[in-house]
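Readers should treat all values here as calculations from the given coordinates under stated rules, not as data from a laboratory. Note that the coordinates shown come from a computational prediction; the quantities given were computed from them, not determined experimentally. Cβ: placed from backbone, ideal geometry, glycine included. Neighbour counts: every protein chain shown.
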């Protein structure tokens, strides 16, 4: 099965489970970040569609004085992260995704990444735009960023088809376990 077919299949499966409002334990994620991250700069995504919600995690990280950032995709289809807190306004980009109004650009020391599918080798199947893979490649030269993928256990597949530009996660967290 190619990536396109796999994306379509897993999207249907995820949408059924997403309606059940299954949540990943925010405290588990926070403890992992506190143990592994060199500083308190966390890049997250604002949930879109059937993605696992990060809103509780954002709230808890904010209360623990973490520096939160969200991605913005520019006109050249490049992604960068900008500082943001829950009191700041958001705008809708051309993909219908909420983004912060540009503030301070930053490089996160931990990235919380959405995905459509994953395997036990920590490979991630994204949405096909390559935004996270390109961003990770760009910042790997500057920092040792910890990459944490968020998914539901139903998104696990036997083997994610990977290309040379695909970036592995350091951890994948589901509602049932942590893969490392």
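Testing the spin-label approximation: label points 7 Å from Cα along Cα→Cβ at residue 16 and residue 103. State their distance in nm.
4.0 nm
R0 = 30 Å: FRET efficiency of residue 27 with residue 1, Cβ-based, nearest 0.05?
Efficiency, rounded to the nearest 0.05: 0.25.
In cubic angstrom, how much convex hull volume per residue do the alpha carbon atoms of region 77-180 span?
120 Å³
Nearest-5 percent of antiparallel DSSP beta bridges in the chain?
Rounded to the nearest five, the antiparallel share is 50 percent.
How compact is the chain by the rule of thumb for globular proteins, expressed as Cα Rg over 2.2 N^0.38 Å?
0.96
Helix 131-140: angle to the longest alpha-carbon principal axis of the chain, degrees 0 to 90, nearest 10?
Helix 131-140 sits at roughly 60 degrees to that axis.
Using 0.36 nm per residue, how much length does the chain from residue 9 to residue 163 gain when fully extended, once their Cα-Cα distance is taken away?
53.5 nm
By how many degrees, 0 to 90 and rounded to 10, does the Cα axis of helix 26-36 deviate from the longest principal axis of the chain?
The angle comes out at about 70 degrees.
So for 91, 62, fewest C-beta neighbours within 10 Å to most, what's the order?
The most exposed by this proxy come first: 91, 62.
Neighbour counts of other C-beta atoms within 10 Å: give me 110, 54 arranged from fewest to most.
So the residues, fewest neighbours to most, are 54, 110.
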